[in-house]
């Protein structure tokens, strides 16, 4: 309940900021009223959008060529960024924890701390946030631009379902690619952690990995990695939705790109709260 | 019936489009306020009116991109306002739409833009499809530019490619949203000749929304003039010229 209240407040705040951005300086009650209306409209539109997406997903043809194009746009093109972010996170984790662990007399636990931290939480969340920044903004801006230049109308007028061709392919590509990118973030994070650790106190990669993965179980690795498929769903869904409801020319395209990133990042963090608890319950 | 450059008469096998008491508002703004219009098969009707009088909205309502508040749109006897998604798409395949800014897909080449509807709705084999795309581009004089991206061609060329794409499925009805807007007089004349060619060769039923009075005269069998969401004058160009109404006279002469 508290969680939904937080989501409601954040979305209202976001809607409110949009109302204020539109240049009207009305009294606070009007702003709150307009924000609430905008929020419920947003929820309603999102529901309709999801309905159309389900219909698009269930009826052939499935636009395989466009899906491949989107898989490439989401996966390989985000790889370097995600790998760098993962490696940097590994380095920082190693630097920050080695000092604390040495003080606690548990320096030998460093590989385990880095591995656990990366595979259980840091890798997935870093990947989600990085991809929501790169891909979410891209989808929001691309579809927004297509909307304001009537390309989406042209597609619909040619009896081609834009929800299938544009939205569903992007959502599916994000769902499929996020777990793979998470593996990349985990891998480079662990590598970064080892490299930093070995500079301070030389240790072979093999020994580092053996120590790190000694107590790792299936439940530590698979559920947190595959929860990022849900992050991918959020990124694909929210950014496609924001893009396809763009209004107001190039300014609207900018707003869609920004709102896609902001909402994707927020919803990923909020979804993570639920998913972590869910994983703890389902995979104790 | 034709008053301008076109010398073909519309076919007389029943109306292709029947619009009755069509109304559409955006918020408190009434855009269309009870439009009634019948377009015969093979006829070209030009819709004139000041900016913001709902001409483009009328075209989008016709193809089901927007829903009217009330009223009826019958295309070849089918009520568009109540059609389900699948049936609506079947009707859309018979309609070509040339958008104001051509609305070419940025990420696809000229050839791929024209092939886009064919890839999804035709049973043609790959080689046949390529030949069809080549023929369509030749129709609009763009066969040399097939590999270019939309960003690499001019506004007039985009309109030509948009027209080729709209013709890809061999439509029975064409909707033109300001086909000559933003073009120089020579290119505008070329686009008008292409529209006229469609009339003569394919007997396509067309609705053309435009501000180009010269073009309207060239391509129209009949003109309708919109004002405040209603049709205030209707007839051939010569008939409208004789109309005593000040607004009609001002509009056709371009006086303010």
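The values are calculated or read from the model by the stated rules, or taken from the named source; none is laboratory data. Note that the coordinates shown come from a computational prediction; the quantities given were computed from them, not determined experimentally. As a convention, Cβ positions derive from the backbone with ideal geometry for all residues, glycine included, and neighbour counts pool all protein chains shown.
Filtered by the rule that a residue be more than 22 Å from residue A:138 (Cβ to Cβ) and either surrounded by fewer than 16 Cβ atoms within 10 Å (Cβ to Cβ) or in the same structural domain as residue A:52 (by TED's automatic domain parsing) (or both), the range A:234-278 gives A:273, A:274, A:277, A:278. For the range B:46-80, the set of residues classified as part of a helix (DSSP H, G or I) and either surrounded by fewer than 17 Cβ atoms within 10 Å (Cβ to Cβ) or in contact (Cβ under 8 Å) with a residue 40 or more places away in the chain (or both) consists of B:55, B:56, B:58, B:59, B:62, listed by residue number.
Do we find that residue A:173 is surrounded by fewer than 19 Cβ atoms within 10 Å (Cβ to Cβ), more than 14 Å from every other protein chain (Cβ to nearest Cβ) and modelled with pLDDT of 95 or more in this structure? No; evaluated as a whole, the condition is false for this residue.
The criterion of at least 2 residues that are more than 30 Å from residue A:108 (Cβ to Cβ) and in contact with a helix residue (DSSP H, G or I) (Cβ under 8 Å, 6 or more places away or on another chain) is met by the following helices (runs of 4 or more DSSP H) wholly inside the range A:154-258: A:169-200, A:228-244. When B:175, B:167, B:136, B:149 are screened for being within 12 Å of chain A (Cβ to nearest Cβ) and closer than 19 Å to residue B:110 by Cβ, only B:167 passes.
Checking each residue in the range B:116-132 for being touching a residue at least 24 places away in the same chain (Cβ under 8 Å) and either farther than 24 Å from residue B:207 by Cα or away from every other protein chain (no Cβ under 14 Å) (or both) picks out B:122, B:132.
The criterion of at least 3 residues that are surrounded by fewer than 20 Cβ atoms within 10 Å (Cβ to Cβ) is met by the following helices (runs of 4 or more DSSP H) wholly inside the range B:120-237: B:126-139, B:185-202.
Does the range A:240-252 include one or more residues that are without any contact (Cβ under 8 Å) to a residue 24 or more places away in the chain, away from chain B (no Cβ under 14 Å) and on the phi < 0 side of the Ramachandran plot? Within the range A:240-252 (the criterion being without any contact (Cβ under 8 Å) to a residue 24 or more places away in the chain, away from chain B (no Cβ under 14 Å) and on the phi < 0 side of the Ramachandran plot), the answer is yes, since at least one residue qualifies. Among the residues here, residue B:83 qualifies as under 15 Å from residue A:159 (Cβ atoms), more than 10 Å from chain A (Cβ to nearest Cβ) and surrounded by 16 or more Cβ atoms within 10 Å (Cβ to Cβ). Condition check: within 25 Å of residue B:108 (Cβ to Cβ), in contact with a helix residue (DSSP H, G or I) (Cβ under 7 Å, 6 or more places away or on another chain) and within 14 Å of chain A (Cβ to nearest Cβ). Does residue B:181 satisfy that? The answer is no for residue B:181.
When residues in the range A:43-60 are screened for being within 14 Å of chain B (Cβ to nearest Cβ) and free of Cβ contacts under 8 Å to residues at least 60 places away in the same chain, 5 of them pass. In the range A:71-84, the count of residues that are buried (at least 19 other Cβ atoms within 10 Å of the Cβ), touching a residue at least 24 places away in the same chain (Cβ under 8 Å) and more than 14 Å from residue A:181 (Cα to Cα) is zero. Can you name the residue in the range B:88-99 that is in contact (Cβ under 8 Å) with a residue 40 or more places away in the chain and more than 7 Å from chain A (Cβ to nearest Cβ) and is also farthest from residue A:148 (Cα to Cα) among such residues? It comes out as B:94.
Quick one: would you say residue A:53 is closer than 21 Å to residue A:178 by Cα, part of a helix (DSSP H, G or I) and not assigned by TED's automatic domain parsing to the domain that holds residue A:278? Yes. Tell me, please, whether a residue that is away from chain A (no Cβ under 14 Å), under 21 Å from the mean Cα position of the chain (by Cα) and either in contact (Cβ under 8 Å) with a residue 40 or more places away in the chain or part of a strand (DSSP E or B) (or both) can be found in the range B:100-111. There is at least one residue in the range B:100-111 that is away from chain A (no Cβ under 14 Å), under 21 Å from the mean Cα position of the chain (by Cα) and either in contact (Cβ under 8 Å) with a residue 40 or more places away in the chain or part of a strand (DSSP E or B) (or both).
Surrounded by 13 or more Cβ atoms within 10 Å (Cβ to Cβ), within 26 Å of residue A:180 (Cβ to Cβ), within 24 Å of the chain's Cα centre (by Cα) and touching a residue at least 12 places away in the same chain (Cβ under 8 Å) - does that describe any residue in the range A:97-112? The answer is no, given that none of the residues of the range A:97-112 is surrounded by 13 or more Cβ atoms within 10 Å (Cβ to Cβ), within 26 Å of residue A:180 (Cβ to Cβ), within 24 Å of the chain's Cα centre (by Cα) and touching a residue at least 12 places away in the same chain (Cβ under 8 Å).
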